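I am attaching a structure below and will ask some questions about it afterwards.
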Amino acid sequence: RLFMQFMAFGGCPDAKALVPALEASGVSGVLYEDLNDPRGIGFLTFSQSPATFIDRVRLLLNGPAFAGLVQKPEFTLLGRTYAIGYEPDLKEVLLDRPRRTVLNREWPWAVWYPLRRNGRFAQLPAEEQAVILAEHGRIGMAFGVGDYAHDVRLACHGLEKNDNDFLIGLLGPELFPLSSCVQRMRRTRQTSIHLERLGPFFAGRVAWQSAPPTP
């Protein structure tokens, strides 16, 4: 499976100045310019090995390029890809599709956020959970088919300090549909009734991406 970590920093007036260090590091990831902070950036990295975040990403973030930036702890999130048991191609679901999604140069806009369900959802019968999740899924599929918004869903259980359940990325060619997708999701039973916590939200546009995966 694939592990993905999202972090955000302030104090960076020129995101492009970080690119040489990113290229030299060999780390796979995406650098975003923060829409809500003129000196802010978001940094998404990913690897099949969690050791990468300590052995290589940590080294990069403690190097000269990032050392002077101010980390925003509320946006430090780590998740893993997961399957629900019905997928015919696990490699596609767990490895290939998430990579393609975050590295697609046609989808430069992104919204990243964590969420946590409340305990009542876990106590529901599996059949009722499936109905609730299907309502959520239909909205996501409709936005994806129209090439308005594409999602990355990562499980966070036990991996990050705020005890969130999931890390969600919405990516697409334009920003408005990503916001519209979140708005539509707010009306579903999962969001309106069974969420304990949602956000904070990071919205930004790609400043740099590592090379896309080979087809």
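Which one of Ala21, Ala8 is farther than 16 Å from Leu159 by Cα, at pLDDT 95 or above, hydrophobic (A, V, I, L, M, F, W, C) and part of a helix (DSSP H, G or I)? Show your work before the answer.
Numbers: Ala8 fails: part of a helix (DSSP H, G or I).
Unique residue meeting the criteria: Ala21.
Can you name the residue in segment 35-48 that is surrounded by fewer than 22 Cβ atoms within 10 Å (Cβ to Cβ) and out of contact with any Pro (no Cβ under 9 Å at 6 or more places or on another chain) and, of all such residues, is nearest to Ala110 (Cα to Cα)?
Here is the first cut: in segment 35-48, the residues surrounded by fewer than 22 Cβ atoms within 10 Å (Cβ to Cβ) are 35-39, 47-48.
Then drop every residue that is not out of contact with any Pro (no Cβ under 9 Å at 6 or more places or on another chain), which leaves 35-37, 47-48.
Details: Leu35: 10, Asn36: 13, Asp37: 15, Ser47: 20, Gln48: 22 Å.
Here the residue is Leu35.
For residues in segment 1-33 being surrounded by fewer than 22 Cβ atoms within 10 Å (Cβ to Cβ) and β-branched (Val, Ile, Thr), which is farthest from Tyr82 (Cα to Cα)?
Selected residue: Val19.
Tell me yes or no: at least one residue of segment 84-94 is within 25 Å of Phe202 (Cα to Cα), buried (at least 17 other Cβ atoms within 10 Å of the Cβ) and at pLDDT 80 or above.
Here is the first cut: in segment 84-94, the residues within 25 Å of Phe202 (Cα to Cα) are 93-94.
Those still in the list that are buried (at least 17 other Cβ atoms within 10 Å of the Cβ) too: 93-94.
Checking the rest, the ones that are also at pLDDT 80 or above come to 93-94.
Yes, the conditions are met somewhere in segment 84-94.
Just wondering, is there one or more residues in segment 69-76 that are surrounded by 14 or more Cβ atoms within 10 Å (Cβ to Cβ), more than 30 Å from Ser179 (Cα to Cα) and of a type in the set (A, V, I, L, M)? So that I can check it myself, show each step before the final result.
Start the filter on segment 69-76 by keeping residues that are surrounded by 14 or more Cβ atoms within 10 Å (Cβ to Cβ), which leaves 69, 71-72, 75-76.
Next cut, more than 30 Å from Ser179 (Cα to Cα) only: none.
Within segment 69-76, not a single residue is surrounded by 14 or more Cβ atoms within 10 Å (Cβ to Cβ), more than 30 Å from Ser179 (Cα to Cα) and of a type in the set (A, V, I, L, M).
Table: residues versus (1) modelled with pLDDT of 90 or more; (2) buried (at least 19 other Cβ atoms within 10 Å of the Cβ); (3) assigned to a loop (DSSP other than H, G, I, E, B).
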{"site": "Val152", "(1), (2), (3)": "yes, yes, no"}
{"site": "Leu159", "(1), (2), (3)": "yes, no, yes"}
{"site": "Gly169", "(1), (2), (3)": "yes, yes, no"}
{"site": "Ser179", "(1), (2), (3)": "yes, no, no"}
{"site": "Ala207", "(1), (2), (3)": "yes, yes, no"}
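The values are calculated or read from the model by the stated rules, or taken from the named source; none is laboratory data. All figures in this text were calculated on a predicted structure; none of them were measured in a lab. Don't worry about glycine lacking a Cβ; one is built from the backbone with ideal geometry, like all the others, and counts go over all protein chains shown.
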